[in-house]
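What follows is one structure encoded as structure tokens, with my remarks underneath.
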Amino acid sequence: MNWDFLILAIITIVGISTPILLAGLGELVVEKSGILNLGVEGMMLVGAISGFAINVYSGNPWVGVAGAAGAGALSGLLFGFFVLTLRSNQVATGLALTIFGTGLSSLIGLSFVGRIVPQFGSVFPPELARDPVLKVVFGYSPIVYFALLMVVLVAWFLKSTRSGLILRAVGENDLSAHSIGYNVIGVRYAAIAFGGAMAGIGGAYFSLVITPMWAERMTAGRGWIALALVVFASWKAPRLLAGAYFFGILMWLELNAKAGGLSFIPGAQAIPSQFWAAMPYVMTVVVLTLISMRNRAGLNAPACLGKPFLPAT
Amino acid sequence: MDTELAPRLALSGITKRFPGVLANDNVSFSVRPGEIHALLGENGAGKSTLVKMIYGIMQPDAGEIRWDGQVIRVANPKAARRLGIGMVFQHFSLFEAMTVLENIALGMDARIPGRELESSIRQVMEQYGLKLDPHRTVSTLSVGERQRIEIVRALLLNPRLLIMDEPTSVLTPQEVEQLFVVLRQLATEGCSILYISHKLHEIKALCDTATILRGGRLVDTCDPRTETSRSMAEKMIGAGLKEISKPASRALGDARLVVNRLSMAAIGHFGTALKDISFTVRAGEIFGIAGVAGNGQNALLLALSGEESSEDSEAITVDGAPVGQLSAKQRRLRGMASVPEERNGHAAVPDFTLSDNTILTARDRLGMVSAGLIRTGAASTYAGEVIASFAVKAQGPASMAGSLSGGNLQKYIMGREILQKPSVLVVSQPTWGVDAGAAAAIHQAIVDLAAAGSAIVVISQDLDELLSLCDTLAVINEGRLSRAMQVAEADVHEIGLLMGGIHGEQASAPAREAAIAG
């Protein structure tokens, strides 16, 4: 193993971790408010195609990312309208959102197959970003730094702000929050819109940064990994960051296995890619089991997660 | 009494209608500054609806609310708190996974930095002698401590009217005394208190005025100190109160239920383990088990009903036969019936008809199943019998269990078990959330069943209920059962100490104080 290989590996891992980090952060906030949105994959695809299309027309990747956030938030609000206003089942509606987002993105994407879009410049001076060693720190897309900034902001928001406290309270006991006089539905709409925007940006990272072109279902199930990541991180933002990079390593191993494989024991057969593809979910189950063996409260799951809010009027 | 001053709160002609029910019908009364005013009524009399309108959770359909003489509209709880109205709910609006401090911060409308809030919390706690650690997580606190959070939260707003919704239903007698001290101190400082309860002796001990509601209407406003408990109860219920008629002298028979050194591991993380529980219930005896919620009552009911079977077959015997390892179904076949605390979802399935609900527990004893098929006719006939003999207000055997009121469903469930003539009946919280009329009927049914020779165990948090109903009484605390006492000779003070966790009479003085402060 040489330095070039290691640097390339780190850059790849940070890159492929970023979409699940963004989408996971969004879903973390949504779940902290007591809503389970299984439509992350769909919102990511909506973000991916919207970001791409808007980038094609505007010629500006920043506008594209903003558009992806907006489109993701809109698809989230659609979900919110069903589960909050019409009180439909969250699991069923979330699954429907994924199906809807997959179909809608494919439909819009038809006319964008094969188009090339302008790309982000580097955030730091090119000497730093292209330096063979320093690019490990300075050589990423602006979205990567944005994701890291969001980890800090979300952690601070949930822990230290009054709005964050109210959001947690709503997810912990919606009826109590309502009886104290907080707007449960309003808080949840805001959380869902934020979750949608973050998933949209995560999706746009695929179509604007990883492979700057459009392909159907290009998020390749990462929305589901983001959902597992939230549970893996036991609803804590700093752990989500660690988990995202850990899952990133697993996804990197999967990519390598697909490309011919890494063999850990010389001469032995390479571990098939499907093994690595399953690992994030396996690890989530393992972590859940470990935490609940030690202390149930440590699971830290919002008490109202997935339950409909039915106040007495 | 200065009549010059406008009352702090005056309601006139308040009316609130829900689909099918007139919850409040033209209710008018007023509360003076510094007055402790009781709002008395049965479940469903409209007390909660009325205070929800005062606190801004609901809006009245008609009538006006005056505050210091000014007509106001309380748009929401936030507006109520701005006026100086605080409320302590019966079901605490607390967030289990958060700390005391976070919980209190959530109840404050003003943005106060954490440290400043903590120091004002400590100040309030000191002023009123309320002990609480602001950094504890709520899920680790006792019910009494949780109530203190709500009280501190309300007091931090310097309320001029404090609404207390059934605050003592979950407290030990000592905790009730402490609460009363706080409330009296508040009243002397000029805060008005609206105290909702149906416990008459508490109202007589605490309140200056009592407003009695029945079926949404105001029946009377009186001075509870000059009324008798009986006269207030009759106004509350609207008819002469029936005393439980117990046969004057009853000879108790042989031991029917013997529990011998029963121990069970805790179920789940918040469960309580049972430790070495022994007691005997004879034919015709009603054995009461008192205790504050969460001290193993649930585990004991599950162990007796057979939902959790014991490893020791001899730990529980019915008429001499060991049943400790038997399942609930096998125990039912041997005449051991049980009624759990939770009506909806444990004792009955709310989405099943009453008839189907009888099949759940009566199928074997009454032959409602043959060759694996349900005999719906037999179930329906039996359900009809239960409805008729227990005066259950229901359309008929085909009514959904969930459509019945709490009291009626409880009467139905008790009737379902009692008409099977069990030799041993175990009931938990038989009159929880049940109105006084239904409670009296349920108590009478228990007494009659005992008179017919059954052995009965009543697990309840309502000490008054146990004292009036039972022959023998023991207290459960942290999974241990105290010695059994004859109710006729029982000392309420000692029972209170046992409920608070002091075992035996020779408890030392500091330990007693700790228990009282606890």
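The values are calculated or read from the model by the stated rules, or taken from the named source; none is laboratory data. These figures come from a predicted structure and were not determined experimentally. Cβ placement follows ideal geometry from the backbone for every residue including glycine, while neighbour counts extend to all protein chains displayed.
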## Note on the structure
When segment B:122-134 is checked residue by residue, the ones that are among the hydrophobic types (A, V, I, L, M, F, W, C) and either without any contact (Cβ under 8 Å) to a residue 40 or more places away in the chain or in contact with a Gly (Cβ under 6 Å, 6 or more places away or on another chain) (or both) are B:124, B:125, B:132
### Message
I'd like to check which helices (runs of 4 or more DSSP H) are fully inside segment A:137-220 and have at least 3 residues that are within 30 Å of residue B:77 (Cβ to Cβ) and over 21 Å from the mean Cα position of the chain (by Cα).
### Response
A:162-172, A:174-180, A:184-205
#### Entry: segment B:427-438, subset buried (at least 22 other Cβ atoms within 10 Å of the Cβ) and out of contact with any helix residue (DSSP H, G or I) (no Cβ under 6 Å at 6 or more places or on another chain), residue modelled with the lowest pLDDT
B:429
### Query
Hey, does segment A:143-153 have a residue that's closer than 30 Å to residue B:115 by Cβ, buried (at least 18 other Cβ atoms within 10 Å of the Cβ) and more than 14 Å from chain B (Cβ to nearest Cβ)?
yes
### Query
What are the residues in segment A:239-286 that are in a loop (DSSP other than H, G, I, E, B) and either of a type in the set (A, V, I, L, M) or at pLDDT 80 or above (or both), if any?
A:259, A:262, A:265, A:268, A:270, A:271, A:272
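Residues B:495, B:459: which one is modelled with pLDDT under 90, among the β-branched types (Val, Ile, Thr) and out of contact with any Gly (no Cβ under 7 Å at 6 or more places or on another chain)?
Testing whether each residue is modelled with pLDDT under 90, among the β-branched types (Val, Ile, Thr) and out of contact with any Gly (no Cβ under 7 Å at 6 or more places or on another chain) leaves just B:495.
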### Message
I'd like to check something: does segment B:102-124 contain any residue that is within 28 Å of residue B:177 (Cβ to Cβ), assigned to a loop (DSSP other than H, G, I, E, B) and more than 10 Å from chain A (Cβ to nearest Cβ)?
### Response
no
### Task
Return the total of residues in segment A:154-171 being closer than 12 Å to residue A:29 by Cβ and away from every other protein chain (no Cβ under 13 Å).
3
### Task
Go through the residues of segment B:36-48 one by one and say whether even a single one is closer than 25 Å to residue B:219 by Cβ, within 14 Å of another protein chain (Cβ to nearest Cβ), part of a helix (DSSP H, G or I) and under 26 Å from the mean Cα position of the chain (by Cα).
yes
### Query
Would you call residue B:98 among the aliphatic types (A, V, I, L, M), farther than 28 Å from residue B:7 by Cβ and free of Cβ contacts under 8 Å to residues at least 40 places away in the same chain?
no
### Query
Limited to segment B:78-95, what total is found for residues that are in contact (Cβ under 8 Å) with a residue 60 or more places away in the chain and within 10 Å of chain A (Cβ to nearest Cβ)?
3
### Task
Evaluate the following for residue A:128: is it surrounded by fewer than 18 Cβ atoms within 10 Å (Cβ to Cβ), closer than 25 Å to residue A:236 by Cα and without any contact (Cβ under 8 Å) to a residue 12 or more places away in the chain?
no
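Let's see how each residue does on (1) touching a Leu at 6+ places or on another chain (Cβ under 9 Å); (2) in a helix (DSSP H, G or I):
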site	(1), (2)
B:413	no, yes
B:425	yes, no
B:442	no, yes
B:449	yes, yes
B:457	yes, no
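Every residue, every condition in (1) touching a strand residue (DSSP E or B) at 6+ places or on another chain (Cβ under 6 Å); (2) among the small types (Gly, Ala, Ser), yes or no:
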position: B:23; (1), (2): yes, yes
position: B:34; (1), (2): no, yes
position: B:37; (1), (2): yes, no
position: B:52; (1), (2): no, no
position: B:57; (1), (2): no, no
position: B:75; (1), (2): no, yes
position: B:78; (1), (2): no, no
position: B:82; (1), (2): no, no
position: B:99; (1), (2): yes, no
### Message
I need a count of the residues in segment A:169-186 that are under 16 Å from residue A:34 (Cα atoms) and buried (at least 22 other Cβ atoms within 10 Å of the Cβ).
### Response
9
### Query
Applying the selection to segment B:375-393, what residues are at pLDDT 90 or above and aromatic (Phe, Trp, Tyr)?
B:382
### Task
Take segment B:194-240 and flag every residue that is at pLDDT below 85 and more than 20 Å from residue B:166 (Cβ to Cβ).
B:228, B:230, B:231, B:234, B:238, B:239, B:240
### Summary
Of the residues in segment A:69-92, those that are in contact (Cβ under 8 Å) with a residue 60 or more places away in the chain, touching a Leu at 6+ places or on another chain (Cβ under 8 Å) and either crowded, with 22+ Cβ neighbours inside 10 Å or not basic (Lys, Arg) (or both) number 4
#### Entry: First in segment A:172-185 and within 7 Å of chain B (Cβ to nearest Cβ), second anywhere and aromatic (Phe, Trp, Tyr) and assigned to a loop (DSSP other than H, G, I, E, B), Cβ under 6 Å, 6 or more apart
A:172/B:95; A:173/B:95
### Message
Looking at the structure I just gave you, is residue B:23 of a type in the set (Gly, Ala, Ser), buried (at least 22 other Cβ atoms within 10 Å of the Cβ), more than 14 Å from chain A (Cβ to nearest Cβ) and in a strand (DSSP E or B)?
### Response
no
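For segment B:156-172, give me each residue that is modelled with pLDDT of 85 or more, hydrophobic (A, V, I, L, M, F, W, C) and surrounded by fewer than 22 Cβ atoms within 10 Å (Cβ to Cβ).
Answer for segment B:156-172, where residues must be modelled with pLDDT of 85 or more, hydrophobic (A, V, I, L, M, F, W, C) and surrounded by fewer than 22 Cβ atoms within 10 Å (Cβ to Cβ): B:156, B:157.
Within segment A:28-61, how many residues turn out to be assigned to a helix (DSSP H, G or I) and either within 19 Å of the chain's Cα centre (by Cα) or among the small types (Gly, Ala, Ser) (or both)?
20
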### Query
Which one is surrounded by the most Cβ atoms within 10 Å (Cβ to Cβ) among residues in segment B:61-77 that are more than 14 Å from every other protein chain (Cβ to nearest Cβ) and assigned to a loop (DSSP other than H, G, I, E, B)?
B:68
### Task
Filter segment A:177-214 for residues that are β-branched (Val, Ile, Thr) and out of contact with any Phe, Trp or Tyr (no Cβ under 9 Å at 6 or more places or on another chain) and give the result.
A:180, A:187, A:210, A:211
#### Entry: Output for segment B:366-394, where each listed residue is touching a helix residue (DSSP H, G or I) at 6+ places or on another chain (Cβ under 8 Å) and surrounded by fewer than 16 Cβ atoms within 10 Å (Cβ to Cβ)
B:367, B:369, B:374, B:376, B:389, B:391, B:393
